[in-house]
Amino acid sequence: MSTIVYKKTKALNDTQFHYCPGCTHGIIHKLIGESLVELGVLGEAIGVASVGCSALCYKYFNCDVQQAAHGRAPAVATGIKRVRPENVVFTLQGDGDLASIGAAEIVHAAHRGEKITTIFVNNAIYGMTGGQMAPTTLIGQKATTAPEGRTEEHSGKPLKIAEMLATIDGAKYVERVSVHNPAAVRKAKKAIKRAFQCQLEGKGFAIVEVLSTCPTNWGMTPVNALGWVESDMIPYYPLGNLRDFEEAK
Amino acid sequence: MAKGLVTFNEDICKGCELCVAVCPKKIIELDQSKINAKGFHPAHVVNMDECIACGNCAIMCPDSVITVEKL
Ligand SMILES: Cc1ncc(C[n+]2csc(CCOP(=O)(O)OP(=O)(O)O)c2C)c(N)n1
Ligand code: SF4
Ligand code: SF4
Ligand code: SF4
């Protein structure tokens, strides 16, 4: 008798991902799907997609997904959750979307304590549009709009979204994770599940920032991109829990 | 005796080698003798006998190509 150690989650359908080879957007989709299934809420889940490479995620999830205008996913999710409080509502947003054009929406969704769950994919660049600098691009990192690399003098230091949102009272669960190796992926899944649990218990806003790769626009092989997350991203964006609803007041 | 059985949905593999990189037994390779419909050499296990069914390869595969069973 054999037992299944791993097979594709039933939260994802058979449509093939359009993501580039080795892009960790795919791993993050799997973790969201697995979490919804394990919590028994896939049938009640409603996703809100952002603008960026994951805009097309509605094609892949076996739950309803609404696509929002650039940066506005938290506002759309707010509307859905307030009208349908019995549903489990999440946003899936990139760093160009959430940390740049959508900075106001995410801050105020957290500030109002909206009972939604945000999965924030930080790949330190605008992926979909071909590699422009994001607020999260590291110092020295090259982008099409910073061909010599980002400098603090010109663009300031990269924005630490998880730390910033953790200062807001309505944000009851805030954690930064990564998916650069199997152990990190296992931890990331625990955090995503807990961020949904925060919503299920009606505690308030929850966000998981996931350090992710963009091998195509970083100009690296997928495997080297995982290495760069560990060597360059994690030292600036430390992993760990910043707020948990058990202790948040 | 093999402890694990790893199967690949070869048609949708993108040859990214994340599974290759994280296998503790180093038994996964891209199969240079095949090209799938997407134009990639799909990943495969070269020595199933050494597989310990840890699941690392499947956890890291962004495209859900891999199923792992423990025997
Ligand atoms: C109002 C508006 N401004 C700009 C764009 C162009 N645009 C599309 S995706 C994107 C950035 C996406 O980057 P990110 O959120 O980091 O997602 P990724 O593609 O890296 O996953 C931009 C600026 C747009 N679609 N709409
Ligand atoms: S452009 Fe970057 S973020 Fe977008 S799918 Fe390709 S690797 Fe992923
Ligand atoms: S299950 Fe573990 S040992 Fe077996 S092929 Fe996958 S990574 Fe290698
Ligand atoms: S991780 Fe998945 S897509 Fe990438 S080479 Fe391995 S099986 Fe293929």
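General observations
- Flag if residue A:162 is within 14 Å of chain B (Cβ to nearest Cβ), of a type outside the set (Ser, Thr, Tyr) and either assigned to a helix (DSSP H, G or I) or out of contact with any strand residue (DSSP E or B) (no Cβ under 7 Å at 6 or more places or on another chain) (or both): no
- Subset of the stretch A:135-157 (residues that are under 21 Å from residue A:50 (Cα atoms) and touching a residue at least 40 places away in the same chain (Cβ under 8 Å)): A:135, A:136
- Residue in the stretch A:5-15 that is part of a strand (DSSP E or B), at the interface with chain B (Cβ under 7 Å from one of its Cβ atoms) and either touching a residue at least 60 places away in the same chain (Cβ under 8 Å) or over 18 Å from the mean Cα position of the chain (by Cα) (or both) present: yes
- Cross-chain or 6+ apart pairs with Cβ under 8 Å, the stretch A:220-249 first and open to solvent by 60 Å² or more (accessible area, probe 1.4 Å), then polar (S, T, N, Q): A:230/A:178; A:230/A:181; A:232/A:141; A:239/A:178
- When B:38, B:34, B:25 are checked against the criterion of being open to solvent by 50 Å² or more (accessible area, probe 1.4 Å), part of a loop (DSSP other than H, G, I, E, B) and near ligand 3 (Cβ under 8 Å from one of its atoms), a single residue qualifies: B:25.
- Of the residues screened, residue B:67 is one that is closer than 18 Å to residue A:26 by Cα, within 11 Å of chain A (Cβ to nearest Cβ) and outside any loop (DSSP other than H, G, I, E, B).
- The residue of the stretch A:77-128 that is least open to solvent (accessible area, probe 1.4 Å), among those that are of a type in the set (Ser, Thr, Tyr) and assigned to a helix (DSSP H, G or I), is A:78.
The values are calculated or read from the model by the stated rules, or taken from the named source; none is laboratory data. No experiment lies behind these values; they were computed from the predicted model shown. For neighbour counting, all protein chains shown are included, and Cβ atoms are generated from backbone atoms with ideal geometry for every residue, glycine included. What goes into the accessible areas is simple: the full protein's heavy atoms, side chains included, and nothing from ligands, DNA or RNA. Shrake-Rupley method; radii C 1.70, N 1.55, O 1.52, S 1.80 Å.
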